[in-house]
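Participant: Sharing a structure, written as structure tokens. Questions coming.
The values are calculated or read from the model by the stated rules, or taken from the named source; none is laboratory data. Since the structure is predicted, the reported quantities are computational estimates derived from the model, not experimental observations. Cβ: placed from backbone, ideal geometry, glycine included. Neighbour counts: every protein chain shown.
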Amino acid sequence: MGSAELLQYVVAGFKSGAIYALVALGFTLVYGSTGIINFAQGEFFMLGGVLSVFYYRLGLPLLLAALAGVVTTAGVGLAFERLALRPRRDAGALVLIIITIGGSMVMKSLTRHIFGPDEATLPEFTPGPSIAFGGVAIERQALWLWGLTIVAVLALTWLYRKTRFGRAMRACSLSHDAARLMGIDTARVVMVSFGLAAALGALAGLAVTPLTQTAWDVGATAGMKGFAAAILGGLGNPVASVIGGLVLGLLESLSVAFLSSTYKDAIALIVLLIVLFLRPQGLIGRARREKV
């Protein structure tokens, strides 16, 4: 294998990794404010692509259709938290996680019945031939994907560190009771976190649709790999989630180069198991100690 071919696999890995990173950021947002894993995150990814295609077919310009897809998916995330999770907010974490799994199944089924089972796609945001660089071909849509990932992680880092809402999210992740005693509207923090997580998933879904197409059933795989990326980097840390996504994408691509494409989808599960056994806090996260 030549260096140019190997570099092409690396570029493909970073392209997949950016998708996983955006989905992982959604997991991180919800975990950071609630302490639970939202297994409906993959369906927000699916809805971003499907709804953007729907609006585009209605006649909206491409970028406006993409924006409408993100906003609508964020609204679905807000409604999901308000109608499905908030009534059981005093239940244990396991109950809430099961609710997110049920919500995922409902979203998938409704999408199939409303929009149909067929695959769909969008035009590239900036049409044109791939960009040749150092013997490697890079799709213009991949540049959009990387750019959106960078903007998302910078925005979330600023949100966490520089805003009152970010401090409220961190407080909620430590203790909802203590946060309420300090005057924080924890219900509002959780609801907005779900809306932002849904928007991030939708952003990933619509950005990759011109490259891979979308359909009602693409959310499960994206959710599983995004979760693996979040665990790999360190759940709860936006920068760590992005690093985890890029590393996972690179491992998948190199497994295709040196092993076989047969094992590509198994890499995320293998990485997830290894990390959970050997370093549960992730590559960057710090181990937590609890006093009893």
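Participant: Can you tell me which residue is farthest from Tyr55 (Cα to Cα) among those in the stretch 74-123 that are in contact with a helix residue (DSSP H, G or I) (Cβ under 7 Å, 6 or more places away or on another chain) and charged (D, E, K, R)?
Facilitator: Applying the filter and picking the extreme gives Arg88.
Participant: Provide a single number: the residues in the stretch 141-167 that are touching an Asp or Glu at 6+ places or on another chain (Cβ under 8 Å) and closer than 30 Å to Asp185 by Cβ.
Facilitator: Count: 0.
Participant: Now for a different question. Taking the criterion of being hydroxyl-bearing (Ser, Thr, Tyr), within 27 Å of Trp158 (Cα to Cα) and in contact (Cβ under 8 Å) with a residue 24 or more places away in the chain, would at least one residue in the stretch 1-11 satisfy it?
Facilitator: Checked against the condition, which is being hydroxyl-bearing (Ser, Thr, Tyr), within 27 Å of Trp158 (Cα to Cα) and in contact (Cβ under 8 Å) with a residue 24 or more places away in the chain, the stretch 1-11 yields no hits at all.
Participant: Also, I was wondering about something else. Which condition number in (1) out of contact with any Leu (no Cβ under 8 Å at 6 or more places or on another chain); (2) in contact (Cβ under 8 Å) with a residue 60 or more places away in the chain; (3) within 21 Å of Phe14 (Cβ to Cβ) is the one that Ile284 fails?
Facilitator: (2)
Participant: Also, I was wondering about something else. Can you tell me which residue among Thr28, Thr73 is crowded, with 21+ Cβ neighbours inside 10 Å, in a helix (DSSP H, G or I) and at pLDDT below 90?
Facilitator: So the residue among Thr28, Thr73 that is crowded, with 21+ Cβ neighbours inside 10 Å, in a helix (DSSP H, G or I) and at pLDDT below 90 is Thr28.
Participant: Moving on to the next point. Can you tell me which of Val239, Val247, Val218 is at pLDDT below 90 and either touching a Gly at 6+ places or on another chain (Cβ under 6 Å) or surrounded by 13 or more Cβ atoms within 10 Å (Cβ to Cβ) (or both)?
Facilitator: Val239
Participant: So, one more: Are any of the residues in the stretch 13-33 over 13 Å from the mean Cα position of the chain (by Cα) and among the β-branched types (Val, Ile, Thr)?
Facilitator: No - not one qualifying residue is present in the stretch 13-33.
Participant: How many residues, within the stretch 122-158, are assigned to a helix (DSSP H, G or I) and in contact (Cβ under 8 Å) with a residue 24 or more places away in the chain?
Facilitator: 11
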